Amino acid sequence: MFGHPISKRAFTRAAAAIAASAVMVPVMAQQAPIKIGLTTAVQLQVGRDTQDAAKLAIDEVNAKGGVLGRKLSFVVADETENPETGINAIKKLTADEKVDVIVGGYTSGVTLAQAPHITAAKTIYLGVGAASPAITAKVKQDYETNKYLFRVGPINAAHQARSLTEWISGHLLGELGLKKIAIIGENAKWVQDLVPILRKGATEAGADVRFVELFDTSTSDFSPLLSKIRNSEAQFLVVILSHASSDVFAKQWYDARFPIPYGGIDVKSMDSDFFNRVGGKSISQLAANFAVRAPLTPKTLPFFDEFKKRTGRVPVYTAFGTYDAIHAYAQAVERAKTTDTNTVIKELEKTSMVGIAGQLEFDETHDVKAGGKFMNMLFVQWQANGERAVIWPKALRSGTMIMPPWLSK
C-alpha cells in the first residue's frame with residue numbers, strides 16, 4: 001500500500017539531490033543584494049538629490065562587481081519634515097524592508113525623533129542632512145546604545161557657527177568694513193544650537209551685533225521683521241534658514257529694495273533652481289554651501305559633471321553626503337568581509353576616504369570632521385543670470401562680490 005519499493009541507487013541519488021539543494025539555499029541567499037534604505041523629504045530637492053546620488057554611487061559600486069560579490073540596491077521612505085512621519089519611515093525601512101543600512105535625513109528635529117527607533121533596530125544610520133550636534137552627541141553619552149549613528153554631512157551646527165564667525169570676521173569686517181550686523185533665523189532645533197555660538201563668536205571677532213531674533217518657520221510675511229532690522233541700523237543681515245520660506249523672504253527683500261545686503265545659511269537657496277524660482281530676486285545673496293563645482297578634491301569635478309549629466313541639475317549638499325556615505329559603507333563592508341553590523345561599525349570608525357567636499361573621517365562621536373582638509377563651509381553669491389561665485393574662503397574665491405542693484409549705484 002506504500003507503492004513500489006525504491007532501489008538503493010535511486011535512494012542515494014535522491015539523498016544527494018536533497019543535500020545539494022540544502023547547500024544551494026544559503027549560497028543563493030548570500031547573493032541577495034545589500035539593501036540600502038533612504039529616508040528623506042522626497043518632494044524637496046534635498047530628497048530628489050539624495051535618491052539620484054544614491055543611484056550614481058550604487059551604479060559605480062555595482063559596475064565593479066558590487067561588495068563581497070553582492071550587488072547594492074536601495075529602497076526609499078518619505079520622512080517629509082514631520083517627526084511622526086519620519087519615525088514611520090524608519091519603521092518601514094527596518095521592520096518591513098529589513099535594510100542593511102540607512103542613509104539620509106534632512107530635519108534635525110525629525111532625525112532626533114528617529115534616533116531611538118534607529119538604535120532600537122540596531123541599524124547603521126549615515127546622516128547626510130541634519131546638523132544638530134545633539135544627534136551624534138548621543139554616541140558619546142552612551143556608545144553601546146547609540147553606536148549606530150554617524151553623520152557624513154553636513155558639518156554640525158557648532159562647526160557652521162564657527163565658519164560663519166570666520167566669514168564675518170574675515171570678509172564682512174576685514175574686507176568690506178561692515179561691522180554692524182543683524183542675525184535672524186528660523187525657530188528650529190539646529191538654529192537654536194547655532195545662534196548663541198554665532199552671536200558670541202561674532203561679538204568676540206569685533207562685530208557690533210545690533211539685532212537677533214528667531215521667527216516661526218511658517219512665517220509668510222516678513223515685513224514686520226524687515227522693519228525691525230532696518231531700525232537696528234545694521235549694515236549686513238545674516239540669515240539662518242532651512243525649512244522656512246526662503247523663496248518668500250528673497251522676494252520680499254528684493255521687492256522692498258531693502259537697504260541691507262544679506263547672506264548666511266539658507267538651505268533652500270542652495271538649490272540649483274533657486275535663482276530662477278524666485279525670478280532672479282536672490283541677486284547678490286550670499287548662501288553658504290559645502291561643495292561647488294571647484295577642485296576641492298579629485299572627486300569634486302567628476303561628481304558634479306556626472307550628476308549634472310544624469311539629472312540636468314546642480315546637486316545640493318545631501319547629494320554629496322549620500323554619494324560619500326554609500327561609498328564609505330561599501331568600503332567598510334569590504335574591509336570587514338561581512339555585513340555584520342558591529343563589525344562594519346568598527347570599520348566605519350576607521351574611515352579615511354577622499355570625499356566630494358574634503359577628506360571624510362569621523363571623530364570619536366561619529367561626527368564628520370570639519371575644517372582644513374576636511375569638509376568646510378563655502379560662501380557662494382548669486383550673481384547675474386543665476387551664475388554663482390565663491391566669495392569666501394578667499395583662497396577658493398572665483399569671482400568679485402556684488403551688491404544689490406539698488407545699492408550698487
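The values are calculated or read from the model by the stated rules, or taken from the named source; none is laboratory data. Quantities reported herein were computed from a predicted structural model and do not represent experimental measurements. Virtual Cβ from ideal backbone geometry, glycine too; neighbours counted across all protein chains shown. Remember, those area values only see protein heavy atoms, side chains included, never the ligands or the DNA or RNA. Shrake-Rupley method; radii C 1.70, N 1.55, O 1.52, S 1.80 Å.
Mind putting a number on the dipole of the stretch 30-117 about its Cα centre? Charges go on the C-beta only, +1 for Lys and Arg and -1 for Asp and Glu, and I need it in Debye to the nearest 20. The partial results should precede the final answer.
Details: 9 positive and 11 negative charges, 79 e Å.
In debye, rounded to 20, the stretch 30-117 gives about 380.
Basic side chains Lys and Arg get +1 at the Cβ, acidic Asp and Glu get -1 at the Cβ, and with that the dipole of the stretch 95-212 about its Cα centre reaches some 260 debye. Three principal axis extents describe the C-alpha atoms of the stretch 321-381; from largest down they are 45, 22, 14 Å. In bins 20 Å wide, starting from 0, what share of all Cα pairs of the chain does each bin hold, as a percent? Per 20 Å bin, starting at 0, the Cα pair percentages come out as 26, 51, 16, 4, 2, 0.
Past the 29 Å Cα-Cα mark, which pairs from LYS281/LYS309; LYS346/LYS373; LYS140/LYS308; LYS138/LYS394; LYS200/LYS350? Those over the limit are LYS140/LYS308; LYS138/LYS394; LYS200/LYS350.
Show me 225-236, 79-90 ranked by packing, highest mean number of other Cβ atoms within 10 Å first. Intermediate values should be presented prior to the final figure.
Working: 225-236: 17.1, 79-90: 20.2.
Per-residue mean Cβ counts within 10 Å order the peptides as 79-90, 225-236.
Rg then Dmax, both in Å and based on the Cα atoms of the stretch 235-333: 16.0, 54. Counting only residues at least eight positions apart within a chain, or on another chain, the aspartates and glutamates with an alpha carbon under 13 Å from that of LYS147 are GLU347, GLU349, ASP363, GLU364, ASP367. Per-residue SASA remark: TYR254, around 60 Å² accessible (1.4 Å probe; ligands, DNA and RNA not included).
In degrees from 0 to 90, rounded to the nearest 10, what is the angle of the helix 300-311 Cα long axis to the longest principal axis of the chain? Its long axis makes an angle of about 80 degrees.
At R0 = 30 Å, how high is the FRET efficiency between GLN192 and ALA256 if r is their beta carbon distance? Nearest 0.05 is fine.
Details: r = 28 Å, r/R0 = 0.92.
Efficiency at R0 = 30 Å is approximately 0.65.
To one decimal place, what Kirkwood hydrodynamic radius in Å is obtained for the stretch 278-358 from all pairs of distinct Cα atoms?
On the way: mean 1/r = 0.0684 Å⁻¹.
Result for the stretch 278-358, one decimal place: 14.6 Å.
Consider all pairwise Cα distances in the stretch 60-190 and report the whole-number % of them above 22 Å. Looking at the stretch 60-190, the distances longer than 22 Å represent 49 percent of pairs. For the stretch 172-294, the fraction of alpha-carbon pairs lying more than 18 Å apart is 51 percent, rounded to a whole number. Accessible surface for the stretch 55-186, divided over its residues, is 35 Å² per residue with a 1.4 Å probe.
Stokes-Einstein diffusion for the stretch 24-121 at 4 °C, viscosity 1.567 mPa s, with a Kirkwood radius from C-alpha pairs, works out to 92 µm²/s.
Taking 0.36 nm per residue of separation and subtracting the Cα-Cα distance, full extension of the segment from GLU364 to SER352 would add 3.0 nm.
How much length is gained on full extension from VAL248 to ASP221, taking 0.36 nm per residue of separation minus their Cα-Cα distance? Walk me through the intermediate numbers first.
Details: separation 27, 0.36 × 27 = 9.72 nm, distance 0.80 nm.
This chain segment gains 8.9 nm when fully extended.
Over the chain, DSSP H runs of length four or greater, each weighted -39,500 (n - 2.57), average out per residue to a 222 nm ellipticity of -12500 deg cm²/dmol.
Just to be sure I follow: if Rg is taken over the C-alpha atoms of the stretch 112-168 and Rh is the Kirkwood radius over the same atoms, what is Rg/Rh?
On the way: Rg = 12.6 Å, Rh = 12.0 Å.
Across the stretch 112-168, the Cα-based Rg/Rh ratio is 1.05.
Tell me, what % of the accessible area of the chain is carbon and sulfur with a 1.4 angstrom probe? Summing carbon and sulfur atoms, their accessible area is 54 percent of the total for the chain.
Taking all protein chains into account, the per residue accessible area for the stretch 238-335 stands at 31 Å² (1.4 Å probe). Per residue, the convex hull spanned by the Cα atoms of the stretch 252-295 measures out at 81 cubic angstrom.
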